[in-house]
Amino acid sequence: MKYENSLEFAQQCDAKDPLRHFRNQFHLPTATDGNPLIYLCGNSLGLQPKKTTAYIEEVLGDWAALGVEGHTEANHPWLPYHEFLTKTMAEIVGAKPSEVVMMNTLTTNLHLMMVSFYQPTSTRYKIVVESDAFPSDKYAVKSQLKFHGFDAEEGLILWKPREGEELCRFEDLEAIMEEQGDEVALLMIGSPNYYSGQAFPLKKITELGHKHGAKVGFDLAHGAGNIQPNLHESGADFAVWCSYKYLNSGPGSLGGCFVHERHAENEQLKRFTGWWGHNKETRFNMRKEFEALPGAEGWQLSNPPILSMAAIRASLDVYAEAGFDALRKKSVQLTGFLEFLLKEVETDSIEIITPSNPDDRGCQLSIQVKNADKSLHDKLTKAGVISDWREPDVVRVAPVPLYNSYEDVFEFVERLKKILW
Ligand SMILES: *Cc1c(COP(=O)(O)O)cnc(C)c1O
C-alpha cells in the first residue's frame, strides 16, 4: 500500500475500509470535555463491545429467573458455557477446538502448564525466556525453579538482544541451545514481546527446543487476537494468553490455554486437577476417581465465572463477524501507516524499536524518544491520546483494526509532533 501524509488520505482509507463499521460496535472513551479520545491502548486493555451488556444481562436474567436450574435451563446453559467460546477462540489462535479452553487467568494457567510441562531433572532443569519478559512471567518461571529446589538466577537463561540492539536474534537462541541445550527443560517465550513489540517465529522456536529435548510454551498475552500464532501448526506443547487485551473481554477477564493434541490423552503427564477437568458424564457422580477429560478441557479446575465468560462470548462474536484474516490484513496496513507517518517526522529524537517487517510484529509500535521522561506521556494524555509509557523512554501505541481508524493514527502523529517541537 502506498501511503500519503495527509488527513485527506487517512479519511479516504477509512472510507474504503471494509471493517470501518466495527468501530461503532464499541464504546469509545471520551475526555471530560466530551471530546473523543484517541485510544491506542488496546494492547493493555481492549475497549468494550456494545454487545457485552446484553450478553451479561442474559446471564443475570437467567440467574434471577432460574436459580440453580440455570446450569441446564439457561438460554446458554452454564454447565457447558465454556464450550460456546471454543470454536472462535480456537480459530483466532490457529488451534483445533479440543486444544483450547478458556479458564482461570493468565499467570495461573502458566503455572498449571508448568506443572505439566516443566518436569526438571538434576541435569536438565533450566528455563529460557526472552530477556525483557513481562514481570509476571519472570516471577512465575523463577518461582517454579525455586519450587523444584533450583537456584532461580542460575536456572534462568535470558535470550537477550546484542549490545546496542533492541531486538532478539533467532541465531542467538540457537547458540544458547547449542551450548546448553541438554540442560534446558523449557523454553517459555512471550510473543510479541510486550515491550519491543517483536513477534517471534513460533514454529522455528518450537522445532529448535524439541530438537534439543526441551518442552516449548508461549505466552500470547500480546499475540491472541493480534497476530495469527498458528498454534497447532507451530507444534508448541502449550500456550497461555489473557482475554482483556486484544480480546476486549473486560478487566481481569479469564485467560486462554492451549495444549497440543499430542498431549490430549497422555495420562503420564503430571497435573494439578479439579472437578471441572473430570469426565463430564460422571462429574456429578462425586465418588469417582479423577478421570481427565481429553484435551485442554482436562486442565480445568473449577466451575467458571459465567458473567465473565459472557463478556468473552460477546467479544468473540464480534471477532467471528469481522473474521480474523480480514482484521489482520487491516492491522498490517494501519500499523504500516503509523510507521510511515512516524518516519516522516523531521526529528532524530524518535526511533521505532519494533521490527519493520510486518511478519515480525503485531499492531503495536514501541517508540523510543531520546531524552524523554514520563512527562511526555502526561502531555500526550493531556492532548487526548491514550497510550502507554514504559520506563525508561518508550511510548507504546497499538492501533487495533477493530475500532481504530486511519484518522486516529494521523491525529496521534500530529499531536505527538506538536509535543516534540
Ligand atoms: C498482560 C500480561 C500478563 C498479565 O498476567 P495476568 O495473570 O493476566 O495478570 C502476563 N504476561 C504477559 C506477557 C502479559 O502481557
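The values are calculated or read from the model by the stated rules, or taken from the named source; none is laboratory data. Note that this is a predicted model, so its numbers are computed, not measured. Neighbour counts are summed over all protein chains in view; Cβ atoms, including those assigned to glycine, are modelled from backbone coordinates with ideal geometry. Accessible surface areas use protein heavy atoms only, side chains included; no ligands, DNA or RNA. Shrake-Rupley method; radii C 1.70, N 1.55, O 1.52, S 1.80 Å.
Things worth noting here:
- Boolean, Trp63 is more than 25 Å from the chain's Cα centre (by Cα), away from the ligand (no atom under 16 Å from the Cβ) and part of a loop (DSSP other than H, G, I, E, B): no
- Close Cβ contacts (under 9 Å, 6 or more residues apart or on different chains) running from residues in segment 223-240 that are outside the structural domain of Leu208 (by TED's automatic domain parsing) to residues that are among the aliphatic types (A, V, I, L, M) and at pLDDT 95 or above are absent.
- Filter result (acidic (Asp, Glu), under 21 Å from Lys2 (Cβ atoms) and touching a residue at least 12 places away in the same chain (Cβ under 8 Å)) within segment 344-373: Glu344, Asp359
- Given (1) of a type outside the set (Ser, Thr, Tyr); (2) assigned by TED's automatic domain parsing to the domain that holds Glu344; (3) under 21 Å from Pro251 (Cβ atoms), index of the condition Glu57 fails: (2)
- Qualifying residue in segment 260-275 (condition: at pLDDT below 95, assigned to a helix (DSSP H, G or I) and of a type in the set (Phe, Trp, Tyr)): yes
- Candidates Thr72, Thr86: the one that is surrounded by 15 or more Cβ atoms within 10 Å (Cβ to Cβ) and either without any contact (Cβ under 8 Å) to a residue 24 or more places away in the chain or among the β-branched types (Val, Ile, Thr) (or both) is Thr86.
A quick yes/no check of all residues on (1) away from the ligand (no atom under 16 Å from the Cβ); (2) open to solvent by less than 10 Å² (accessible area, probe 1.4 Å); (3) of a type in the set (Lys, Arg); (4) under 24 Å from the mean Cα position of the chain (by Cα):
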position	(1), (2), (3), (4)
Gly235	yes, no, no, yes
Ala239	no, yes, no, yes
Cys257	no, yes, no, yes
Ala264	yes, no, no, yes
Thr273	yes, no, no, no
Arg283	yes, no, yes, no
Lys288	yes, no, yes, no
Glu291	yes, no, no, no
Gln300	yes, yes, no, yes
